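Enquirer: This is the structure, below, for whatever I ask next.
The values are calculated or read from the model by the stated rules, or taken from the named source; none is laboratory data. Remember, predicted model here, so these are calculated numbers, not experimental data. Backbone-built Cβ (ideal geometry, glycine too); neighbour counts: all protein chains shown.
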């Protein structure tokens with residue numbers, strides 16, 4: 001009879017007890033759920049911030065269609081904004097397109113319907129959330145010529161409001177830069193805290209030229225709201 005037992009091998013892994021297995025499995029599951037939750041939140045936010053499809057492409061207005069018929073085609077330029085957000089993060093611009101032959105420039109403005117509006121209420125001491133068209137837009141070239149009339153379409157998602165802005169009658173001849181000014185409609189003043197400016201057209205930067213075919217506009221346009229321009233003193 002063998003009087004000696006097998007020697008103890010310290011490298012032999014010990015089998016975990018059932019409670020330890022349950023705790024380890026629970027921790028792993030929680031970790032996976034946390035990681036999945038982060039990705040879900042990021043995905044949802046990206047979808048809420050994403051510009052509606054119909055606001056990303058050149059909209060065929062009557063003016064654009066008329067010029068297309070007259071010339072047998074229409075060149076539409078596309079250019080990424082040099083800066084998409086203003087320095088305070090109140091506004092975001094995207095999807096800039098322009099047709100110099102038709103005298104049009106189109107772009108999309110997005111703002112956060114919670115944080116930007118909350119800041120607006122704080123700055124102006126508003127007790128109630130403003131309704132209607134809160135912001136107005138002015139286009140200006142590098143010679144100081146301003147375009148104050150525009151048409152727009154509006155769409156909303158949770159936390160985001162979008163405006164497709166279309167300026168007509170824009171003279172591109174000899175113009176190197178165009179700037180979009182954004183203002184609170186009750187305080188159209190360059191010194192106002194809620195004002196912002198974007199460069200939306202630069203001849204010194206790359207412009208992608210396209211020749212799209214006409215398509216039906218999928219949204220209705222409204223005229224810009226009335227406002228008093230305090231810069232005209």
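Enquirer: Suppose we filter region 192-205 for residues that are within 21 Å of residue 92 (Cβ to Cβ) and in a loop (DSSP other than H, G, I, E, B); how many remain?
Expert: Within region 192-205, residues that are within 21 Å of residue 92 (Cβ to Cβ) and in a loop (DSSP other than H, G, I, E, B) number 5.
Enquirer: Read through the list (1) in the same structural domain as residue 92 (by TED's automatic domain parsing); (2) part of a loop (DSSP other than H, G, I, E, B), then give the number of the only condition that residue 231 fails.
Expert: (1)
Enquirer: Could I ask something else about it? If you take the residues of region 75-114 that are at pLDDT 95 or above, over 14 Å from residue 168 (Cβ atoms) and more than 14 Å from the chain's Cα centre (by Cα), which of them is surrounded by the most Cβ atoms within 10 Å (Cβ to Cβ)?
Expert: 76
Enquirer: Of the conditions (1) under 27 Å from residue 217 (Cα atoms); (2) surrounded by 14 or more Cβ atoms within 10 Å (Cβ to Cβ), residue 175 satisfies every one except a single condition; which number is it?
Expert: The one condition residue 175 does not meet is (1).
Enquirer: May I pose another question? Pick from 168, 143: which is more than 26 Å from residue 116 (Cα to Cα) and surrounded by 14 or more Cβ atoms within 10 Å (Cβ to Cβ)?
Expert: Only one candidate qualifies: 168.
Enquirer: Ok, one more. When you scan region 172-191, how many residues do you find that are in contact (Cβ under 8 Å) with a residue 60 or more places away in the chain and in contact with a strand residue (DSSP E or B) (Cβ under 8 Å, 6 or more places away or on another chain)?
Expert: 5
Enquirer: Please work out if residue 149 is closer than 21 Å to residue 189 by Cα and surrounded by fewer than 21 Cβ atoms within 10 Å (Cβ to Cβ).
Expert: yes
Enquirer: With respect to residue 195, is the statement that it is without any contact (Cβ under 8 Å) to a residue 24 or more places away in the chain and either buried (at least 19 other Cβ atoms within 10 Å of the Cβ) or within 20 Å of the chain's Cα centre (by Cα) (or both) true?
Expert: Here the answer is yes, as residue 195 does meet what is asked.
Enquirer: Go through region 85-109 residue by residue and tally those that are in contact (Cβ under 8 Å) with a residue 60 or more places away in the chain, more than 19 Å from residue 215 (Cα to Cα) and assigned to a loop (DSSP other than H, G, I, E, B).
Expert: 4
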